[in-house]
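Reviewing the structure listed below.
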Amino acid sequence: MSWAVGAALASTALNAVIGSLAWARGRRRPVYRSLALMSLSFALWSGAYCLAAPDFDDPLWVRLLFTPLAWLPGASLSFAWSFTGLDPAARRRRTVPLYLAGTLALGLMWAGRISLQQYRAAFIVGGLPVFAAAIGLLTLHWWRAAEAAERNRRGYLAVAAWLAVIGGFTDFLPNIGVPFLGMANVALMAWSLLVLAAIERHHLLDLGDAARQAGALLAGSAVLGLVVTLLEWSTRRLGGNLFVTLFLTSALAVAVLPPLWDRFVGSAGKLLSARQARLDRALTELERKLEAGGDLAAAEALARAVVETLWGARAAVHWEPRELGGLKAPSLPDELAAVLGDREDSFTAAALRREGDSALTGRLEARGFEAGVPIKRDGARAGWLFVSAPSEGYYDLAALRALSRMAAALGRALRQAETTRAMLHADRLAQMGTMAAGIAHEIRNPLSAMLGAVEVLGLPITEEQKADSLRILKEEVLRLDSILTGLLEYASPRARNERCRWREVFDRTIRLMRPDLPDEVEVSVAGDELELAVSSTHLQQILINLVKNAAREAARAPASGGRPAVSVSLARSGGKALLCVADTGSGIPDELLPRLFTPFASESPDGTGLGLATVRRLAELYGGGAWAENAPRGARFLVELPPAA
């Protein structure tokens, strides 16, 4: 066997592998379809070369040798445009005429309407500018790459294209009188080796998944071949028309096989890619939890848990300090920031060693990390997700894609945390403005009354008028003291690790309040005898504010039959205790309901505007909450509190 045939056999095998993997893995993407078509065409060329060599005098094999030339120009230009990102519609408009012209020339050659020499001349004249345009596009795409890693990736394919085109056309030089050794198969073998190197180095294909799908393709083809063979045997045995049987079978196969094939590949994928399915489920659950909200610390903990579950590895999230915007989170260490520089791509320690990046490799190994994935927020790098080596195997393309998906979810979590922080800050500012206005309003009224009383005391007045002015001064001083006490209670309450029996606290509270409650208001109590994990002082404060508010509203409501009433109850609701204070008043105005629990939202002339705000603040101290709603008659105020264990 000559060296030329050996090179042709190697080119056939290598290009067939690349074409099969590219078709099985990414046939729905133009760049992979074009790569598969080119590689399979090269494999067909080299295979026919083996059969036609050494004399090339068999017309059948020679025609088969030149058959791939019909679609190679269109496939090459389609690959170049797909790889460089041309719009799909524009790409189809430009390549379909090339495919049609090549198919027409191929049909004329096989029909004997044009000779092999004419077909070959047409290929040289028409194909040479097309191939020149394709390698020009790939070279320009390589030149424009901004990052070293990306330029390296594009460079593999650009060099492979140059070798394939130049080496392929050397086979035509002897036909135009140029004595030169044909190097087409050597060039095509070099093409395949460079493409395989790019696939391995830059993860252009998920080789594991592609191999599984290629295996499914071979298995399906074997089954189909067996069916056709059995059909031929049975037709001959029964004496039927073999042509009619195969024609009808082919028509049925064209209609039925594509959907069946997709289902078969899907089923095989489920059986062979259980790990991928488990990975997808874990990532989907992670994304769902991150979208539900939470701070950055919770997001980082979720990411670490997923990495531990899927790969048995340790994960760490480090953020760029300038991107945190005041959020508290672990920032990128200076020594790592120095070696990472402006890097924007994912990497593994193995890839870094191949690149010769010893500085970054050393920093990663010192911290026990095997791979890093950038976390981006609005296109800008905001941090890094680092992972240690997996408990089994290594991080393949599927794993890097999963880590990139996780990093994207962390980027969205950062944006959400920033939005939440900004909203809370704006809400605090708004509350401070409201409180400042409320304090000014509440203090101005007593001060005005006190100023009037002082001015009266400076006039010649009777003893009775003097006593009245002093009484006003005392009342307004007490009112100011009440406002300041409410502000202190609202601003700085502290949760206490205490328990109390709520009925005992309620009875004591009502006895204290009874002298100040309107005589006509009836107060009733109902509910279980529960023990709460709440300070009795805080529960009493909640009850005082709610019952005082409810009694005031019930007494003011227009008489509508029946005595004004306030009802208080406590019952279990899930894992919480729900305190309900209801009145028979006029209800809460719709415009007031959303801001009812904010400081100084009350429109009552007798209130300070801090009672309900204090109720909610105290409830939240113990992990509960407070809200209000209108009832068919009056309003209900509900407070969620923790029961004692």
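Some points to look at:
- Loop sites in region 360-404: GluC sites (Glu not before Pro), DSSP, at most 10 other Cβ within 10 Å: Glu392
- Computed on region 342-411, with alpha-carbon pairs under 8 angstrom and 6+ residues apart, the relative contact order is 30 percent.
- Debye-sum result for region 68-152 in log10 I(q)/I(0), which assumes one identical scatterer on each alpha carbon, at q = 0.11, 0.13, 0.25, 0.26 Å⁻¹: -0.37, -0.48, -1.15, -1.20
- Restricting the GluC sites (Glu not before Pro) of region 500-559 to loop positions (DSSP other than H, G, I, E, B) with no more than 11 neighbouring Cβ atoms within 10 Å leaves Glu529.
- Remark: the Arg415-Glu463 segment gains 10.3 nm on full extension, using 0.36 nm per residue and subtracting the alpha carbon distance.
- For region 103-132 versus region 32-95, the gap between their alpha-carbon centres in whole angstrom: 13
- Each Cα pair under 8 Å and six or more residues apart adds its sequence gap; the mean of these over the residue count of region 498-645 is a relative contact order of 25 percent.
- Using a cutoff of 8 angstrom between alpha carbon atoms and counting only pairs six or more residues apart, the relative contact order for region 65-142 works out to 45 percent.
- Across the protein chains, with a 1.4 Å probe defining accessible surface, the residues Leu72, Leu137 rank Leu137, Leu72 from largest area downward.
- Accessible surface of Ser391 - all protein chains present, 1.4 Å probe, nearest 10 Å²: 90
- Ligands, DNA and RNA excluded, the heavy atoms of Cys500 present near 10 Å² of accessible surface to a 1.4 Å solvent probe.
- Estimated at the nearest 10 Å², the accessible area of Leu447 is 90 Å² with a 1.4 Å probe.
- Residue among Leu60, Phe83, Leu104 farthest towards the positive dipole end of region 1-139, charges placed on Cβ: Phe83
The values are calculated or read from the model by the stated rules, or taken from the named source; none is laboratory data. Values in this document were obtained by computation on a predicted structure and should not be read as measured data. In this analysis, Cβ positions are derived from the backbone assuming ideal geometry, glycine residues included, and neighbour counts consider all displayed protein chains. Protein only, heavy atoms only, side chains kept; ligands, DNA and RNA dropped before computing areas. Shrake-Rupley method; radii C 1.70, N 1.55, O 1.52, S 1.80 Å.
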